[in-house]
Amino acid sequence: LSPSEINPFAFDPSANDRDDDNAALACVRSLLPILLSLSYLHLASHAISETFVDPNQMNYNEEDDNNTSSPGYYFRQSLHYWPTNPAAHSLLANYHRMNNLSTTDDICELYVKASDSANRWRKLALNFLQSSFCEEEVGGIDPKEWVELLVLNGALGVDYIGGDDEDEDEGSGTGEIKQDDEEYSSSEVEATASFMSAFLLSILSKHDDALTHLKKFPLSHRIHPNVWKVAQYHNLYITITQSNHKIIFSPRIYRGGNDGLLPTKLYQRLCTLFAPNSSYWKESDYQNRGYYSYFLALKNTSNDSSPSADDRPTNVIEEVIAVHLLPLAEQALRENTKSAPQRIVGAEWWVHTRPLGATLGHQVHFDTDESLLGREKRVTHPIISSVLYLTGAGRDCEDASAGSTIVFDQSPESTDVASQAWVSHSRDNTLMAFPGNLLHGVLPCAGDASKVGDGHRLTFMVGWWTRDVTEGMGERNLYTPCGPLPPPDLEHSWVLQSQRGYCDRQKSKDENVRKAQPFDLLPSVSPAWEEFQSETKSESATSGPALMIPKGLDHRFFVSNAAHCFSASLYEKED
């Protein structure tokens, strides 16, 4: 059969006649459009992968039906032959989200369609496999094998997890293979689509709808809807309260003058050094590495007379950290102590860049000494954690597409779930600081494809340590936690760029940076988490097995046992 001879195949969502469904699935001719749809979906996936290799291939009209190199063309063909193909809807939603091709509402609608279709198709396919319907075998093709291969495995990501395929139903005596719902896994496609539906519905403040999807997973808590609301709307009025949790200082933000915290030229130079198209990201292989950072010793603790970073910065990064940010960290430590504050001796720094609109935020986590944790299973934290917002939000703080940082009054030693969350709205050239032992992350915001363009959320993080965390590490390797700065050579041209103009440069003579700077306390929301009851098979006989949380998408905005899961995750081995 040629493609033009195959009619589109789709079940009426309102149909309840199992015999009609089984009759359609038992017909090999009816299954051919599903095969064709999955073939086009593979071509769409390949076309997307080509755009990663050569981004210039994105320069085409997605609506051009004659452009057979466009992923959009293959998606349209795939959904033409199978309009309810769950995998096609899910991958299309991913493609539009990652490339800002649609609004958050439209992308969310695609994920919801994928979730609903996957749930329904799993039931239809399993019902057909369990039925005694007389299938039409053509040319040695068994329709049941096709349904298992194409629908369950190919379009739903469902695997057989029961006993041996040859196990027979002992009670029947008919020789039929016993296949029930428990012998098949949940759908990976439904899990991804449902999780993303809950994610985007939360961003869109449709929290009741989001809860419907979250209940499919073995979860117990989600970040409270009010926290999402405050993170989304910068002008939402909330009160500033003190935490019941014992903390060394209240989370705050330093805004600086009209132009921001850093002097304009210094700020622009730092933004240029770490711009999304700069050499730093390619030379450090940022996209393909796990977490890595750099450690800068701030005080000279040896007996020689060599200058330390705060005496004579040798690059733009040292000037930003030692001359402009260190005094603010020291100011926070002095605030609530009657005795001499702890001495900051080192700064661990790293940078992140995320495309606006496509970002899913940043996982909720604790800042720790990764090396010591790996060696001795000991959890330690910087005395202060801080975020320097560089680009993505502007200075007017009206655009929420850059995402807001959230900080919880919860440490690894906490025995109760956090009762309070502080919200820091991104604003370019400002510094947010909070106690380094507190749980934190970044909530995403709805992206507007017409506004975000090629903008990125660029942030420069600094963890302030009262001990030299490199002691006991042994050999320090490049691009590892608290690693050394790479050598200034052609292979690391970004380091050369950071050093230009710093030869024999002396300490800054601007004494204003050492004076106490004004700050604003961060607004807070209480409660921080909302508890809910997950669905179980005993409560709903038709719900199927609980969905598995997609690890690559899990930012811990929705968790099980919020009081202990974060501290327990510190000891989990990363895949």
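The values are calculated or read from the model by the stated rules, or taken from the named source; none is laboratory data. Note that this is a predicted model, so its numbers are computed, not measured. Cβ: placed from backbone, ideal geometry, glycine included. Neighbour counts: every protein chain shown. When the accessible area is computed, the model is the full protein with side chains, heavy atoms only, and any ligands, DNA or RNA have been set aside. Shrake-Rupley method; radii C 1.70, N 1.55, O 1.52, S 1.80 Å.
Below, the figures for the structure above:
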read-out	value
Residue match in region 54-71 (condition: open to solvent by less than 20 Å² (accessible area, probe 1.4 Å) and modelled with pLDDT of 85 or more)	yes
Failed item in (1) modelled with pLDDT of 95 or more; (2) in contact with a Pro (Cβ under 7 Å, 6 or more places away or on another chain); (3) not acidic (Asp, Glu), with Pro435 passing the rest	(2)
Candidate set from region 412-425 (those that are open to solvent by 10 Å² or more (accessible area, probe 1.4 Å) and small (Gly, Ala, Ser)); member that is farthest from Leu360 (Cα to Cα)	Ser414
Residue in region 14-35 that is modelled with the lowest pLDDT, counting only those that are open to solvent by 40 Å² or more (accessible area, probe 1.4 Å) and in contact with a helix residue (DSSP H, G or I) (Cβ under 7 Å, 6 or more places away or on another chain)	Arg18
Residue identified as closer than 23 Å to His456 by Cα, of a type outside the set (Lys, Arg) and buried (at least 21 other Cβ atoms within 10 Å of the Cβ) among Leu92, Leu126, Leu110	Leu92
Residue list for region 467-481, filter: open to solvent by 40 Å² or more (accessible area, probe 1.4 Å) and hydrophobic (A, V, I, L, M, F, W, C)	Leu478
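Residue by residue, here is whether (1) part of a loop (DSSP other than H, G, I, E, B); (2) surrounded by fewer than 15 Cβ atoms within 10 Å (Cβ to Cβ); (3) modelled with pLDDT under 70; (4) not charged (D, E, K, R) holds:
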| position | (1), (2), (3), (4) |
| --- | --- |
| Cys503 | yes, yes, no, yes |
| Lys509 | yes, yes, yes, no |
| Asn512 | no, yes, yes, yes |
| Glu530 | no, no, no, no |
| Lys537 | yes, yes, yes, no |
| Ala541 | yes, yes, yes, yes |
| Asn561 | yes, yes, no, yes |
| Glu574 | yes, yes, yes, no |
